[in-house]
């Protein structure tokens, strides 16, 4: 599988096919059309360490205890289409974390923003102080 400049060997993927829920009539009870893709992210030699760390951080909920990513597809009634759909889902996941995040540039609030914040704070303070009950016993 090729995703941009990254090539992952098909030998790294393990597919299981199980019965799919949903539409299909009587055929749904006979055919194993749901594709379940398993890929060991932690042991894969095809991706760089930086990409692996970003991938694991982003998709940690979908990675099991053995370090395998589990992606399933039951969109279609056809086993081959579901297999391709699972591969497409994986490609989209890798594409999402392929580029490293841009570093944040530190900025300071403008003078006008500081003044606006202080003005709003003063107004809120005055509004609350007007709510206080006074003792008129004098």
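Scanning region 38-86 for residues that are buried (at least 16 other Cβ atoms within 10 Å of the Cβ), out of contact with any strand residue (DSSP E or B) (no Cβ under 7 Å at 6 or more places or on another chain) and under 15 Å from residue 9 (Cα atoms) turns up just one, 44. Filtering 99, 35, 113, 91 for residues that are surrounded by 10 or more Cβ atoms within 10 Å (Cβ to Cβ) and modelled with pLDDT under 90 leaves a single hit, 99.
Scan region 5-12 and tell me whether some residue there is touching a helix residue (DSSP H, G or I) at 6+ places or on another chain (Cβ under 6 Å) and under 16 Å from residue 87 (Cβ atoms).
The answer is no; no qualifying residue exists.
Determine, yes or no, whether residue 126 is touching a strand residue (DSSP E or B) at 6+ places or on another chain (Cβ under 6 Å), modelled with pLDDT of 90 or more and over 30 Å from residue 27 (Cα atoms). When the stated conditions are applied, residue 126 does not pass them.
Within region 1-25, residues that are within 18 Å of residue 95 (Cβ to Cβ) sit with their Cβ atoms under 8 Å from residues that are at pLDDT 85 or above and in a strand (DSSP E or B), at 6+ positions apart or across chains, in these pairs: 1/7; 1/13; 8/39; 12/39; 12/40; 13/37; 13/38; 13/39.
Here residue 40 fits the description: more than 17 Å from the chain's Cα centre (by Cα) and without any contact (Cβ under 8 Å) to a residue 40 or more places away in the chain.
Based on what the data block shows, is residue 25 on the phi > 0 side of the Ramachandran plot and touching a helix residue (DSSP H, G or I) at 6+ places or on another chain (Cβ under 9 Å)? No; evaluated as a whole, the condition is false for this residue. In the set (1) surrounded by 10 or more Cβ atoms within 10 Å (Cβ to Cβ); (2) more than 30 Å from residue 33 (Cα to Cα), residue 134 fails one condition alone, (1).
The values are calculated or read from the model by the stated rules, or taken from the named source; none is laboratory data. Worth saying up front: this structure is predicted, and the values here are computed from it rather than measured. Neighbour counts are summed over all protein chains in view; Cβ atoms, including those assigned to glycine, are modelled from backbone coordinates with ideal geometry.
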